[in-house]
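Report on the structure given below.
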Amino acid sequence: MSRPVQFNIHPILADTKDSIGMANMPAGYTGEGFFATKLNDVVGLARKNSIWPLPFATSCCGIEFMATMASHYDLARFGAERLGFSPRQCDLLMVMGTIAKKMGPIVKQVYLQMAEPRWVIAVGACACSGGIFDTYSVLQGIDQVVPVDVYVPGCPPRPEAILDGFIKIQDLVGQESLRRRSSEKYKGLLESYGIQ
Ligand code: SF4
């Protein structure tokens, strides 16, 4: 007679009642049978909870990002389940690791291939400022080649810091006006990087 197999000696019934996160409703007006709000807020809500990151990992910080994606920290909880390796389908460039000067044009090319709206996080001291590599061959911060929205310091930053940077990006995305990308200020920013 086979023995019953039990993996958990003291099974605990999971209480999932409060464990499902719901996005907060944007501010607006409610009445009987209707809810009215701004288009900006609705689009921002959808965008911030469905970010598709493109991990551009060149060294050790990339390993921290792998931990951030894995089950314990689980970036998917923030709606960023789907990592993309095709720039045309992604809207968040995450640069993680030391970027040699010869890689600078590649980072810029990847950025240019992404469709608007797009955002950029510099993860770790190397991507933010060159880190400990104050040498002739290392780019002293990716903001020399592309505009950066959020900087995550640390060598390496812990997954909590990467998540914090990601939440800051979500705040930016959620509040960004639909018209920002066609504003003169934004065009001026891109022009300062030689981007039309
Ligand atoms: S910041 Fe530190 S951990 Fe990250 S890529 Fe540079 S040397 Fe490696």
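Listing for the model above:
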{"read-out": "Candidates 129, 182, 137, filtered to the one that is over 16 Å from the mean Cα position of the chain (by Cα) and more than 18 Å from residue 59 (Cβ to Cβ)", "value": "182"}
{"read-out": "Residue within segment 91-101 that is at pLDDT 95 or above, among the hydroxyl-bearing types (Ser, Thr, Tyr), in a loop (DSSP other than H, G, I, E, B) and within 16 Å of the ligand (Cβ to nearest atom) present", "value": "yes"}
{"read-out": "The lone exception for residue 137 - which of (1) modelled with pLDDT of 95 or more; (2) buried (at least 21 other Cβ atoms within 10 Å of the Cβ); (3) touching a strand residue (DSSP E or B) at 6+ places or on another chain (Cβ under 9 Å) it fails", "value": "(2)"}
{"read-out": "Residues (touching a helix residue (DSSP H, G or I) at 6+ places or on another chain (Cβ under 8 Å) and in a loop (DSSP other than H, G, I, E, B)) located in segment 165-192", "value": "176, 177, 178"}
{"read-out": "Residue 169 vs. criteria surrounded by 16 or more Cβ atoms within 10 Å (Cβ to Cβ), within 16 Å of the ligand (Cβ to nearest atom), of a type in the set (A, V, I, L, M, F, W, C) and touching a residue at least 40 places away in the same chain (Cβ under 8 Å)", "value": "no"}
{"read-out": "Residues (farther than 16 Å from residue 130 by Cα, touching a strand residue (DSSP E or B) at 6+ places or on another chain (Cβ under 9 Å) and in a loop (DSSP other than H, G, I, E, B)) located in segment 59-90", "value": "80, 82, 83, 84, 85, 86, 90"}
{"read-out": "Filtered residues of segment 141-164 (kept if assigned to a helix (DSSP H, G or I), touching a residue at least 40 places away in the same chain (Cβ under 8 Å) and surrounded by fewer than 21 Cβ atoms within 10 Å (Cβ to Cβ))", "value": "144, 159, 160, 163"}
{"read-out": "Unique match (being over 15 Å from the mean Cα position of the chain (by Cα), surrounded by 14 or more Cβ atoms within 10 Å (Cβ to Cβ) and either farther than 20 Å from residue 125 by Cβ or at pLDDT 95 or above (or both)) among 87, 26", "value": "26"}
{"read-out": "Tally, over segment 112-140, of residues that are free of Cβ contacts under 8 Å to residues at least 60 places away in the same chain, away from the ligand (no atom under 16 Å from the Cβ) and part of a helix (DSSP H, G or I)", "value": "1"}
{"read-out": "Yes/no for residue 45 being at pLDDT below 95 and buried (at least 16 other Cβ atoms within 10 Å of the Cβ)", "value": "yes"}
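Each row is one residue, and each column tells you yes or no for (1) within 16 Å of the ligand (Cβ to nearest atom); (2) among the basic types (Lys, Arg); (3) over 15 Å from residue 170 (Cβ atoms); (4) touching a residue at least 60 places away in the same chain (Cβ under 8 Å).
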{"residue": "66", "(1), (2), (3), (4)": "yes, no, yes, no"}
{"residue": "77", "(1), (2), (3), (4)": "no, yes, no, no"}
{"residue": "83", "(1), (2), (3), (4)": "no, no, yes, no"}
{"residue": "88", "(1), (2), (3), (4)": "no, yes, yes, no"}
{"residue": "103", "(1), (2), (3), (4)": "yes, no, yes, no"}
{"residue": "107", "(1), (2), (3), (4)": "yes, no, yes, no"}
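The values are calculated or read from the model by the stated rules, or taken from the named source; none is laboratory data. All values reported here derive from a predicted model rather than from experimental measurement. Counting neighbours? That spans all protein chains shown, and the Cβs are built from the backbone with ideal geometry, glycine included.
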